[in-house]
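Below: the structure, in structure tokens.
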Amino acid sequence: MNEKELLDIVKNIVLQASYLKDKYTDEVNASLNYACIFSQSESEYTELESATKKIGKRIKETKSGYIYHIRDIETNAGILKILKIRVPDVTKPERGDADFTVSNYQDFKKKYLPQPQFLLIKRPYMEMIELMEKGFIVRTYFSDPPLDKQLL
């Protein structure tokens, strides 16, 4: 996989996640802070890792893959600096996800969590709201604290 192919995948994930965000929320100005590519096979994971190492450096290892601080990528939702390559996972058939920072997380949570497309995920160090639509190729997240604040 070459750099252009990697960038095309990333930009498409962000574009689709932005569309999903704008369809279900009024947070059209929410800033992009993170994106993740869900690899669909071990061989694709290896290719994605190799291509990503050329545009950034690993900053964190997780159970589901490495997170990279990458050179700035211009997307429809702003500049992307953090990219994760996720190991293949049968529970993640989508192409990837993007994470956005909302202006007021607590207000956002109160307003949107009651809707069926939104799900609260709690972690020891953060929480996030997942937005999914059946049949859509991406997931959209809203984290508190945002991942760029945690990692950079």
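Rule-based calculations on the coordinates, nothing more; no lab input. All values reported here derive from a predicted model rather than from experimental measurement. Every residue, glycine as well, gets a Cβ built from its backbone with ideal geometry; the counts of neighbours run over all protein chains shown.
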So for the range 1-137, taking the charge dipole from beta-carbon charges (+1 Lys/Arg, -1 Asp/Glu), which of TYR125, TYR68, THR46 sits furthest toward the positive end? TYR125
In the list (1) 14.2, 40; (2) 14.6, 42; (3) 13.8, 37, the entry giving Rg and Dmax of the Cα atoms in Å computed from the coordinates is (2)
Give the separation of the Cα centroids, the range 58-94 to the range 113-142, in Å. 17 Å
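Rounded to the nearest 20 Debye, what is the dipole magnitude of the range 98-150 about its Cα centre when Lys and Arg each give +1 and Asp and Glu each give -1 at the C-beta?
Values: 8 positive and 7 negative charges, 31 e Å.
The calculation lands at about 140 debye.
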For LYS63, list the lysines whose Cα falls under 16 Å from its own Cα; do not include residues on the same chain fewer than 8 positions away. LYS84, LYS92
Between LYS60 and TYR24, Cβ-based FRET efficiency (R0 35 Å, step 0.05) works out to 0.75
Helix 3-24 versus the longest principal axis of the chain: what is the Cα-based angle in degrees, 0 to 90, to the nearest 10? 10 degrees
Pairing the Cα long axis of helix 42-53 with the longest principal axis of the chain, what angle in degrees results, from 0 to 90 and rounded to the nearest 10? 90 degrees
Taking a crude spin-label model, label points 7 Å out from Cα along the C-beta direction, the ASP8 to LEU113 distance in nm is 4.1 nm
Using a 7 Å offset from the Cα along the Cα-to-Cβ direction at both GLU127 and SER50, what is the distance between the two label points in nm, to one decimal? 4.3 nm
Evaluate the charge dipole of the range 1-69 about its Cα centre and quote only its size in Debye, nearest 20, assuming +1 on the Cβ of each Lys and Arg and -1 on the Cβ of each Asp and Glu. 260 debye
Any idea what the dipole of the chain comes to, in debye rounded to 20, about its Cα centre with Lys/Arg Cβ at +1 and Asp/Glu Cβ at -1? 360 debye
